[in-house]
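J.: First the structure, then my questions, so here it is.
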Amino acid sequence: MTEQNQGDEDLYAREVAAEQRFVDRVQTRLEAAARSAQELAQEGHNRARLGHEGGLVERDAMVFQAAKRLATLDAAHEGLVFGRLDLDPELDPEPRYIGRLGLRDEARDTLLIDWRAPAASVFYQATAATPQGVVRRRVLRSTGTTVIGVEDELLDDSVETDLPILGEGALMAQLSRARDRSMHSIVATIQAEQDEAIRAPLKGVVTISGGPGTGKTVVALHRAAYLLFTDRRRYETGGVLIVGPSGVFMRYIERVLPSLGETAVALRSLGEVVDGLRAERRDEPAVADVKGSARMAELMRRLARQAVPGAPRHFRMFYRDDVLQLSGKELGAVRRQLLSKGRRNRQINQVPRALADALWRQVRSERGRERGYGEFVDDLLSDDAFVEFALAWWPAVDGPTVLGWLRDPEVRARVAEGILSADEQALLTKSWSEVRATHWSVEDVALIDELRYAVGDLPTVVEHGERSLIGTRGDEDEAPTREEVTTVSDRELAGRPGWSPPQHKIEDDGYAHVLIDEAQDLTPMQWRMVGRRGRRATWTIVGDPAQSSWPEPREAQAARDAALEGKPIHAFHLSKNYRNSSEIYEFAAAYADRVGLDADLPEAVRSTGVHPEERTVDDLADGVRAAVGELAAEVAGTVGIVVPHARRRQVQEWLESWPEHADDAAGGANARIPVLVGLETKGLEFDAIVVVEPDEIETESSTGRATLYVVYTRATQRMVAVREG
Ligand SMILES: Nc1ncnc2c1ncn2[C@@H]1O[C@H](COP(=O)(O)OP(=O)(O)OP(=O)(O)O)[C@@H](O)[C@H]1O
């Protein structure tokens, strides 16, 4: 080793040791904060809320909680302290440290600046062209609480200092690491254009566009953390909803926010947006196209107004000297009259009276009329046959039940007339006849939500005597309370089981912030579903139109505009691809160009020198096996095998039968070597990808080319496409 090299190494070690001393100091302070929080917890929470001191301790408690989460969830990655700024000594001779949370020392001076605080923005925004007073930017690389390296950038060489500049650049070091099954935070290396989107104004809608791998997802997640930091009360109380394409994707991103100390967010895939439903299965593309179409909104509206299939269709009774009966036609009129007053489930209390009114019009005999309307109603309400009919004719219904009515061919033909073609109707019939009644698809969830809003939430059944079946004050959201049960009929009915309004109302679905990832794929019906949750929200919308798998972009755009209700839009665009090697991205971009996708082509910042390969093989199984074997040996992280729909099972079976990969194949979509269809790879990334029969992926749906483009942009290091020739 040369003297020069030895000298460099010593300097590097000294700098790392100096940073370690600072990190140790932060750690000691954090532990002290934790101790005082614990002591205070023992003394009781009330004191913590008193006066100035109390506020301070509360803050310590928060710091403690956040730190605990950091320690448990992200120990193996970037540490609590990750950044340091050395400014022009004339501005500030002391270094400033940036961390995942803010911390003060014993004298209440700033020890660590939270990355989201205004004082930290210069860490991300300063460049050599506009150094903003920063001479050196340093990123600390750590494992847990141990500093293992530093990466420096000199931003202003006009200032005289003796600061050493070490390392090879934090960004490249971060981008070259192996991919595992989850996405990690990028707090240490957020780039200036990304930082602008993260810190964008709070009002209205922020859109983040950009080609593959530009950091749209990870930036949007950091933005959610930023919003929680800036207006914690609003966003923690009102809630932040993050919607992504699939369960696999949600699991992939779920660690990012906790690693930033934030857990107060609802992460939902499109199949989980509606409370109580959890769908993972996707319909085949042709069916999904029908179910997602905006035309389904009208179809659902009609469906929600139908008579309940299988419910009694007429009613007949004797009253004094009259025979009273309600035919299908008369019942239809009562149904329409009730529906004109509000949501179906909210009308339940009005049903007996509406039926009684219709029957009273038929009472002609003198003996009947002389008792008067009031007593007639009371007589009816104490008549078991009548009450049973009312309950059976107008039961409380929920979204899944109403969607299930479409299994009845008569109902389906009636509501779909003029909306869906015979072929489209047949597709729906097939889709619902093939699966168990409750095994809903992701696409069904948006339809169920539509119906839920049309019929109103399910009332809660209450035990005997608590509530009456019949309301005393028209269509109200509040059920009559015990005190309001005043009429004879009410008293009689008070002994029967009845309904009270739902505890959870659909009005409670709203969030303070809605973040939509892979927004280019939302169908019009899905836009309606998320729109209902964001009426009073601020929004972040992330997407890349070239990766869209929805065939009617204009229809989706209209649905999206309707969901946003004219809120002001701030658009941000990201221009650099941080995922793919430049060799892989060139291949993908050439494909996009060849097949005529109007793609937003970012610049890939990293090169590996290894080009993707296209292989034609005699035997597909052998070819895939060889490719998987090579790539699994070459990369340390994940290897995705992407297949056409029709080959999924076959390839999964091959993989499991190859002893060398049996372990890596276990764990389904979360395995080291998962088998996925094109659409499932959305938003994900792998160290290496094997694409099986790409031409079949391209032709298996009307948007297959966009899907194949997505597939070609998933690998960070290696890609092999295999075709049988
Ligand atoms: N500033 C950064 N520092 C380090 N890594 C980054 C940075 N920006 C993005 N990355 C990494 O680049 C990869 C791609 O990011 P991300 O998945 O957010 O991109 P995307 O634009 O949503 O991609 P796509 O649209 O193709 O799904 C991720 O591994 C992410 O961590």
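J.: In the chain, with Lys and Arg counted as +1 and Asp and Glu as -1 at Cβ, which of these residues, V16, I697, Q306, has the Cα nearest the positive end of the dipole, that is, farthest along it?
T.: The one lying farthest along the dipole's positive direction is Q306.
J.: First select every other residue whose beta carbon is under 12 angstrom from the beta carbon of A632; then total the charges, Lys and Arg +1, Asp and Glu -1.
T.: -3
J.: To continue, here is another question. Can you tell me the 0 to 90 degree angle between the C-alpha axis of helix 216-230 and the longest principal axis of the chain, rounded to 10?
T.: Roughly 80 degrees, rounded to the nearest 10.
J.: While we're on this one: Taking the 0 to 90 degree range and rounding to the nearest ten, how far is the long axis of helix 3-43 tilted relative to the main principal axis of the chain, both from C-alpha atoms?
T.: 40 degrees
J.: What size of dipole, in debye to the nearest 20, comes out for the chain about its Cα centre when the only charges are +1 on Lys and Arg C-beta atoms and -1 on Asp and Glu C-beta atoms?
T.: 3120 debye
J.: Treating only the Cβ of Lys, Arg, Asp and Glu as charged (+1, +1, -1, -1), what charge dipole size does segment 289-465 show about its Cα centre? Round to the nearest 20 debye.
T.: Its charge dipole is roughly 480 debye.
J.: Which residues among segment 403-429 fall inside the zone where the amide N is under 19 Å from a point 7 Å beyond the Cα of R336, along Cα→Cβ?
T.: Within reach of a label on R336, which here means backbone N under 19 Å from a point 7 Å along Cα→Cβ, segment 403-429 contributes 411, 414-418.
J.: Please compute the alpha carbon radius of gyration of the chain, then divide it by the globular-protein estimate 2.2 N^0.38 Å. Two decimals is fine.
T.: 1.18
J.: Among 512-522, 438-448, 606-616, 559-569, how do they line up by average Cβ neighbours within 10 Å per residue, starting with the highest?
T.: 512-522, 438-448, 559-569, 606-616
J.: Taking the Cα-to-Cβ direction at T145 and at H611 and moving 7 Å from each Cα, how far apart do the two end points lie in nm?
T.: About 5.1 nm separates the two model spin labels.
J.: Please list, or write none, the aspartates and glutamates whose alpha carbon is within less than 17 Å of the alpha carbon of K341, excluding same-chain residues fewer than 8 places away.
T.: Excluding near neighbours in sequence, the set is D357, D457, D475, E476, D477, E478.
J.: Label R414 and D157 with points 7 Å out from Cα along Cα→Cβ: what is the distance between them in nm?
T.: Simple spin-label model gives 8.1 nm for this pair.
J.: Work out how much length E168 to E586 would gain on full extension: take 0.36 nm times their residue separation and subtract the Cα-Cα distance, in nm to one decimal.
T.: 148.0 nm
J.: Could you calculate the FRET efficiency of T401 with R361 from 1/(1 + (r/R0)^6), where r is the beta carbon distance between them and R0 is 35 Å, rounded to 0.05?
T.: Efficiency computed from Cβ-Cβ geometry: 0.65.
J.: If amide hydrogens are placed 1.01 Å from N in the peptide plane, which non-local residues have theirs closer than 5 Å to the one on Q191?
T.: Residues meeting the amide H criterion: none.
J.: Please figure out what share of the DSSP beta bridges in the chain is antiparallel and state it in percent, rounded to the nearest 5.
T.: Counting only bridges with both partners in the chain, antiparallel ones make up about 35 percent.
J.: Can you tell me, using C-alpha contacts under 8 Å and at least 6 residues apart, the relative contact order of the chain as a whole percent?
T.: 13 percent
J.: When all C-alpha to C-alpha distances in segment 665-706 are sorted into bins of 5 Å, what percent of pairs does each bin hold, rounded to whole numbers?
T.: Here the calculated profile for segment 665-706 is 5, 20, 30, 23, 14, 8, 1.
J.: If you plug each phi of segment 403-408 into the Karplus form 6.51 cos²θ - 1.76 cosθ + 1.60 with θ = phi - 60°, what whole-Hz ³J(HN,Hα) values come out, in order, with x for Gly and Pro?
T.: Ordered by residue, 3J(HN,Hα) equals 4, x, 4, 5, 5, 7 Hz.
J.: OK, next. Taking H as built 1.01 Å from N, whose amide H comes closer than 5 Å to the amide H of T143, not counting residues under 5 places away?
T.: Amide H neighbours of T143, under 5 Å, 5+ apart: I148.
J.: Using mean Cβ contacts within 10 Å as the protection proxy, how do 215-228, 385-398 order, highest first?
T.: Ranking, from highest mean packing down: 215-228, 385-398.
J.: Calculate how steeply helix 366-381 sits against the longest principal axis of the alpha-carbon atoms of the chain, using the helix alpha-carbon long axis, and give the answer as 0 to 90 degrees to the nearest 10.
T.: In the chain, helix 366-381 runs at an angle near 30 degrees to the longest axis.
J.: Can you list the aspartates and glutamates whose alpha carbon is less than 15 Å from that of K203, not counting same-chain residues fewer than 8 positions off?
T.: Reachable aspartates and glutamates: D231, E565.
J.: Also, I was wondering about something else. Using a Förster distance of 56 Å, how high is the FRET efficiency between D8 and R108, based on the Cβ-Cβ distance and rounded to 0.05?
T.: It comes to 0.90.
J.: Determine the calculated [θ] at 222 nm for the chain from helices alone, applying -39500 (n - 2.57) to every DSSP H run no shorter than 4 residues and normalising by the residue count; nearest 500 deg cm²/dmol.
T.: About -13000 deg cm²/dmol.
Values quoted throughout were computed directly from the atomic coordinates according to the rules given, and no laboratory measurement underlies them. Please read these numbers as outputs of a predicted model, since none were measured by experiment. Methodologically, a virtual Cβ is constructed for each residue, glycine included, from the backbone with ideal geometry; neighbour enumeration extends over all protein chains shown.
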